[in-house]
1. Would you list B:Thr15, A:Thr603, A:Thr535 from the most to the least accessible area, probe 1.4 Å?
2. Which length gain, in nm to one decimal place, applies between A:Phe26 and A:Trp11 when the Cα-Cα distance is subtracted from 0.36 nm times their residue separation?
3. Please identify which residues in region B:378-421 have an amide N closer than 20 Å to a label point set 7 Å out from the Cα of A:Thr18, following the Cα→Cβ vector.
4. Measure nothing fancy, just the Cα-based angle from helix A:99-110's long axis to the longest principal axis of chain A, in degrees from 0 to 90, nearest 10.
5. Got a number for the accessible area of A:Leu6? Probe 1.4 Å, square angstrom, nearest 10.
6. Suppose R0 equals 30 Å; then what is the FRET efficiency for A:Arg175 and A:Gln151 from their Cβ-Cβ distance, rounded to the nearest 0.05?
7. If R₀ is 56 angstrom, what is the calculated FRET efficiency for the pair A:Lys144 and B:Tyr77, using the beta carbon separation as r and rounding to 0.05?
8. Given a cut-off of under 8 Å on Cα pairs at least six residues apart, what relative contact order in percent is computed for chain B?
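The values are calculated or read from the model by the stated rules, or taken from the named source; none is laboratory data. No experiment lies behind these values; they were computed from the predicted model shown. A quick note on method: Cβ atoms are made from the backbone with ideal geometry, for glycine too, and the neighbour counts reach across all protein chains shown. These area figures cover heavy atoms from the full protein model, side chains too; ligands, DNA and RNA do not enter into them. Shrake-Rupley method; radii C 1.70, N 1.55, O 1.52, S 1.80 Å.
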Amino acid sequence: MINDRLENRRWVISALITVVVLVYIFRLFNLQIIETRYKQGAESNAFLRKTIFPPRGLIYDRNSKLLVYNKPAYDVALIMREIHDLDTLDFCKALNISKEFFDNRMLEIKDRKKNLGYSSYTPQVFMTQLNIEDVAAFQENLYKFPGFYIQNRTLREYTYPHGAHILGSIGEVSRRKLESDPYYKQGDYAGRDGVEFTYESALRGVKGVEILLRDSKGRIQGRYRDGEADEAPKAGTDLYLTLDIELQKIGEQLMNGKIGSAVAIEPSTGEILAMVSNPAFDPSLLVGRQRSANYAALVKDPTKPLMNRATQAQYSPGSTFKPIQALVLQQMGGIKEHTLYSCNGPASSPIKCSHSHGSPVGILNAIEQSCNPYFWSAFRAAIEKEGYGEKNLKFKSHYQEWVDAIKSFGIGRKFEDSDVFEQSSGNVPSQKYYNRYYGETGWRAMTIRSLSIGQGEVLVTPLQLANSMAAIANKGYYITPHLNANDTMQLRKHETLVDSAYFPIVIEGMWRVFEFGTGRRYKLPDISMCGKTGTVENNRGKDHSLFVGFAPRENPKIAIAVVVENAGFGATWAAPIASMMLEQYLKGKIERVELFNQIATSTTNPDVKTR
Amino acid sequence: MSKRDNIQYTLDWTTVVYYLLLVVMGWISIYGASYELDYEGSMLSFDQRAGKQFVWIITALALGGVVLLLDHRIFNYFAYVFYGVAIVLLIVTIFVAPDIKGSRSWIVIGPVSFQPAELAKMATALALAKFMSQYNYRIKAWKDMLPLAIIIFIPFVLILLQKETGSALVFMAFLLMFYREGMKGIVLLLGALAIVLFIVVIRFSIETIGNEQGSWGVVGAIAIIQLIQIIVPFSSHPHKKESLIFLGLSVLVIVASVIINKWYPVDYNYVAIGTSLVTAIYWAFTGILRRYPKLIAVAFISIGSLVFIYASDMIFNHVLEPHHQIRIKVLLNMEDDPTGAGYNVNQSKIAIGSGGLWGKGFLNGTQTKLKYVPEQDTDFIFCTVGEEHGFWGSALVLIIYWLLLMRIMKIGERQKESFHRVYAYSVASILFFHLMINVGMVLGIMPVIGIPLPFFSYGGSSLWGFTLLLFILLRLDASRLERSR
Ligand SMILES: [Zn+2]
């Protein structure tokens, strides 16, 4: 090559040029045809997929009263790259924030550890969920703050300060939800509890998307193919609840200053008319900028206002268990048509009677007088009816019969087919439990005698208690309690294991409670009411005050359960509250204003914040 | 006037067609690159870049026409004058040019601004052609190249002073022309070897062997030298046996040092240097004793390369500033930095890669429309072709350049006068260098050196410069059929 004739060097140079051009063509082939990631790179560069949030469905009560709606809210966003000549003090004044807040927030935004998707080219949220009043001054002066923008979003607004536990709230989606449901993106909002959670997919609608073209500085340059590829959002579906907001309101007012709950159900439909849990809070506290501060305060409150006691608190039902017990024991043969059991009043053994009354007693008196020895005797007779048998198997089989019958009233397990959020299961102790605790043959009727009077291991939630009343009012069945009025739930009818023939006498007994017994002071003169009080001992202070019932006796419209924790006698607190809620629902107003005011202003627990 | 005197018949129309194709494709690409999404204007709107480029094209064609009408002897007679004027302009520029993006290379006269560096390429090509076409001039020894080096060096330094590194580097292109004119091929080969060694040393310098016992970069580069020390003597008959012995010894040294390393840590850098040095010294002595210059050359080159490797390592790690280091590292794929130094190249690769086989269509490129690619109508103009016209479009452009270069060399070879031939090869070399660096940069296989793509990139100065360069060649070529007057 070195000693070639020089003309031939032309070919060396040609070869060099050809090799370079071929290498470049090969490189082009590789970039443009073999590799695919560059195509995606160009798309993620240029396309800004702007989500269009549909309006969330509204929520109404059973009488079409608007409970929850949307109001516009505003986010202040910024693009770090575009901010220049910012007069920080002026800016802070316009947004009514402190200089420290501003500095901290800017540091937070730029911190890639906290703000994973940070880029100085893309919009970053500076402040979120501001009201129109909060941003009005800022909006006017926006031209002074280049790089800052106002973005629209919506917030929930509430017509009534009631029903927070039922309605629930919405908040930023959790990491878990983000991972499990591809619909959600970081920063989206979704129902976190209550019906906002249960009916999330209906309420939220379907997000739309607008594809915008974004230049290298993050500025929007127009719509991609004039919006051809955009998707319109679908508005959320409105939700009609079974709730009667007026009844809910009266319930919450009556429970003011007390800890406990009240649940009302329409027996014929299983529709939940009211579900009060106190301490309660205004649902609008969990909206907007103050959400996290308010939430933290509610979490810290020792009276646990965030807990929905109506579905999550579990209590021994005590004497309010007796009507169900009377039904089940009739079915099992522990109580026959003319069965009488003796009662020695407070001297009775092994269970004392808290009342003094004639002996022996029949079923009607036993319910009216809440006679403990009667129910113990009947319970024992029912589960020992064939003795104990080999390895106690006969006894155990009748115990199982009892458990199944009690559970058929919806007690001791969650309503899995219900739309009620976060229920506790309550408890009806199983054979297995006692076997483990006492040994296979180590327990007898005597061992579990507390069950006969609704004490011991049996636990119920107020919702279960109210539902059991609905089952009695229906004489043998209940429809799963629920909150969505558009779902008739007729397919979710659950028959109890007690024959309908056994119901009238128990209903008669419960009627007597209002006519002659512990509830007589709170009877409404023109309505025949059925009920049962309960005073339940517990290891945390005063007795719980309980009441269950339904009305009217013929063709019942409402079944109810009320629990007032650590308040004393069932007849003193729970009975009047239940009575007035029945009055409100059946008559549409409270006539016993004095009684109402007296109860509504009484406090049974000084820790409870009154509203 | 006979046909021989009429430029219409003597002009090399093939070249003109290639030229026009490139200029028009460039114009279309500039329209695509500077097109605003909401802009409704046409390619001829003069407030837009494409409209302005249209003006540059028309004036460039006029300029080319004027050149064709001139007497071809002017270029030979006044070659040094042109060169002198260019040098003066370059000097003046340093003092009067405003600072535009850190470079002081533009002379601004009213609305017109131009870069004397563009003229300097043409002037230097003419001066070199004039010097090399002297009676009896041949590149035979190093001293013959000294005047050429000076002719190149003056504009090179002046342009460097204007902070236009890219344009200055273009003057390296003349080496290719020198090779055609007789410069020893070994000079080009050594240049290539130096680049390969530098890349190997830097690319693998961070990959250490064992527990900091040397770097793969140094050992790898020395391995290349050792291979040269074995292959070159092997290819010349009398030393086959010794070459094989050295091959065996080299392998033995590797095995031995790995085994010794089990008990006593070995510095592999020194092992490699030692082995290579011993081989080189042996060849040097053998060469001297047996009077075999080729062996002496091999020994020389080896020792020189060892020094070069040491120097590369030193310069890169201790002399270069961090931002230069990063540029080189990004280029060598050692650092992934899509927002910093690698941003431009990354976006340009995305633009080209997203074009696919057929491209997104004229004016449909998102990367270029939305300004992700920097300098998209000047240095990165090739991106627009890649994005909007895909593989076929960009390959077509490369092929037209290839045809043009081949054509220019063909023109060069058919000249009777060496002045013409030297000038033709200068033009080919300059255009090739621009093509190689510019497209290589856009494709991410060359460093980011900002030089325009000839005839394609936006700008009157560069279009005029290249048009002048090419049309002078066409004028000279046309004269070969003229009767001497
Ligand atoms: Zn009694």
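1. Highest to lowest solvent-accessible surface, that is A:Thr603, A:Thr535, B:Thr15.
2. Difference between extended and current length: 3.2 nm.
3. Residues B:395-414 fall inside that zone.
4. For A:99-110 against chain A, the angle is about 70 degrees.
5. Per-residue accessible area (A:Leu6): approximately 30 Å².
6. 0.85
7. Taking R0 as 56 Å, the efficiency between A:Lys144 and B:Tyr77 is 0.25.
8. Answer for chain B is 24 percent.
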